[in-house]
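To start, the structure under review is shown below, and the notes come after it.
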Amino acid sequence: MTPRWWALVTFGVLLVALVLFAALTVPWHRAPAPRADQVAALGRFPPEQVARARRFRAELRPGTYAGMALGLMVALVLGLTPIGARLVELAGRPFGDHWLARAVLGGLLVVLAGEVLTLPFAAWRHTIVVRYGLSTQSWGGWGVDLLKSAAVSVVLGGLALAGFFAVTHVAPRWWWAFGAAGAAGLVVLLSFVLPVVVEPIFNRFTPMPDGPLRAELIALADRDGVPVRDVLVADASRRTRAVNAYVSGLGPTRRIVVYDTMLTEATPDEVVSVAAHELGHAKDGDVLTGTILGALGAALAVVAIHLLGSWTGLLRLAGVDAIGEPRAIGLLLAVAAVAGLLAGPGQAFVSRRIEARADRHALDLTGDPATFEAMQRRLGSVNLSDPDPPTWEFLMFASHPSTVQRMAAARAYARGER
Ligand SMILES: [Zn+2]
């Protein structure tokens with residue numbers, strides 16, 4: 001068998017593995033959230049509050065979509081014309097056109113070009129978020145965050161680029177096999193490492209102080225049979241008024257994180273309800289599920305890129321000889337941008353199902369749908385979410401069920417509808 005045949009077979013096996021794994025682990029069934037309950041839940045919000053949230057979301061929309069469209073256009077121009085290849089050559093020139101300089105510096109140049117060009121739209125969005133009082137961040141703080149995330153991207157991106165193109169350089173016929181294994185391994189590694197290495201760059205995490213709430217949360221986790229190392233509080237208030245909580249990490253790095261804003265904005269009962277949702281993620285191994293799906297997806301993407309590399313028309317557009325050479329970075333970026341756009345709604349759908357299951361877990365664990373509903377109303381109000389967003393936007397982007405869906409699910413649960 002030729003390497004190309006092996007690649008086709010690997011692609012098929014990975015695709016089947018991904019589909020099977022998703023079919024078996026994603027909770028496709030969703031607990032009922034009748035529309036009538038959603039409408040009733042919407043009625044619990046003061047109309048002027050809903051109108052303000054919708055105005056806020058409407059004001060953000062032009063900047064968001066213009067930024068996305070420009071980012072996509074930049075990726076397509078860099079990838080489907082020789083401009084991307086020229087930029088990579090330019091970056092490698094001071095280093096004698098060495099492949100490593102082209103890979104790392106050229107790659108970062110191509111990626112950062114898109115980031116810099118879409119920066120004005122991010123700044124525009126920031127002015128709106130500040131005007132509505134959701135962000136508490138000055139331009140200085142905003143800029144520092146931006147530089148920090150750029151630094152993280154440079155380090156992680158630089159390592160990934162160096163690793164990927166070292167493999168294509170050393171093994172021109174079989175790079176896709178090593179690359180696929182490496183990409184999958186990297187996704188797994190990042191799941192362990194990001195919470196303890198990258199998250200602390202942006203926030204300070206402190207163990208939730210001793211007191212009745214901490215004791216109640218630990219007791220809740222015990223009752224749930226979920227081993228949780230710690231409940232941490234993030235100092236999100238120096239950036240935002242928004243409330244949130246999440247679970248991240250795997251095994252020894254797993255932790256439940258609650259924003260400090262949650263402790264000031266929500267009642268202790270509501271914090272318990274949120275923690276019960278997060279415990280659901282921990283108990284169902286959602287971080288692990290996401291990591292395995294991500295690892296399979298990353299491996300599949302590398303093999304797919306290799307197979308795309310036999311499409312000579314595409315290579316000619318980008319002005320490159322092979323898809324595995326550093327000059328093709330622009331083309332890779334364009335492919336990734338289009339693939340991300342196409343995969344987005346599917347990923348959002350899977351995420352919403354997983355979130356709905358965690359909601360259900362919270363209801364089971366606390367047995368308190370009234371507090372759960374109050375907590376959802378609070379989250380929606382403080383975060384200026386549209387409680388009942390436009391369907392198309394919801395289907396394209398929403399990672400969580402809408403606020404009224406989550407409230408309606410609690411109502412149906414209270415009536416015993418499962
Ligand atoms: Zn969740």
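How about region 355-418: which helices (runs of 4 or more DSSP H) wholly inside it have at least 1 residues that are crowded, with 19+ Cβ neighbours inside 10 Å and either modelled with pLDDT under 95 or in contact with a Gly (Cβ under 7 Å, 6 or more places away or on another chain) (or both)? Result: 369-382, 403-414.
Of all residues in region 340-350 being open to solvent by 30 Å² or more (accessible area, probe 1.4 Å) and small (Gly, Ala, Ser), which is nearest to the ligand (Cβ to nearest atom)? Checked region 340-350; the qualifying residue nearest to the ligand (Cβ to nearest atom) is Gly346.
The residue list Val258, Val233, Val287, Val274 contains one member that is away from the ligand (no atom under 15 Å from the Cβ) and within 25 Å of Asn383 (Cα to Cα), which is Val233. Scanning region 377-408 for residues that are more than 16 Å from the ligand (Cβ to nearest atom) and under 11 Å from Ala53 (Cβ atoms) yields Ser381, Val382, Leu384, Asp386, Pro387, Asp388, Pro389. If you filter region 238-255 down to residues that are among the hydrophobic types (A, V, I, L, M, F, W, C) and within 14 Å of the ligand (Cβ to nearest atom), you find that the one that is modelled with the highest pLDDT is Val243.
When the residues of region 246-268 are filtered to those that are among the β-branched types (Val, Ile, Thr) and outside any helix (DSSP H, G or I), the one that is surrounded by the fewest Cβ atoms within 10 Å (Cβ to Cβ) is Thr267. From the list Trp28, Trp6, the one residue that fits, being assigned to a helix (DSSP H, G or I), hydrophobic (A, V, I, L, M, F, W, C) and touching a residue at least 24 places away in the same chain (Cβ under 8 Å), is Trp6. The lone criterion from (1) in contact with a strand residue (DSSP E or B) (Cβ under 6 Å, 6 or more places away or on another chain); (2) part of a helix (DSSP H, G or I) left unmet by Thr206 is number (2). Restricting Leu279, Leu300 to those that are within 16 Å of the ligand (Cβ to nearest atom), open to solvent by less than 40 Å² (accessible area, probe 1.4 Å) and assigned to a helix (DSSP H, G or I) reduces the list to Leu279. Return a yes/no flag: does region 233-245 have any residue that is of a type in the set (S, T, N, Q), open to solvent by less than 40 Å² (accessible area, probe 1.4 Å) and within 15 Å of His361 (Cα to Cα). Within region 233-245, none of the residues are of a type in the set (S, T, N, Q), open to solvent by less than 40 Å² (accessible area, probe 1.4 Å) and within 15 Å of His361 (Cα to Cα).
The values are calculated or read from the model by the stated rules, or taken from the named source; none is laboratory data. Since the structure is predicted, the reported quantities are computational estimates derived from the model, not experimental observations. Cβ: placed from backbone, ideal geometry, glycine included. Neighbour counts: every protein chain shown. All accessible areas refer to the heavy atoms of the entire protein, side chains included, with ligands and DNA or RNA removed. Shrake-Rupley method; radii C 1.70, N 1.55, O 1.52, S 1.80 Å.
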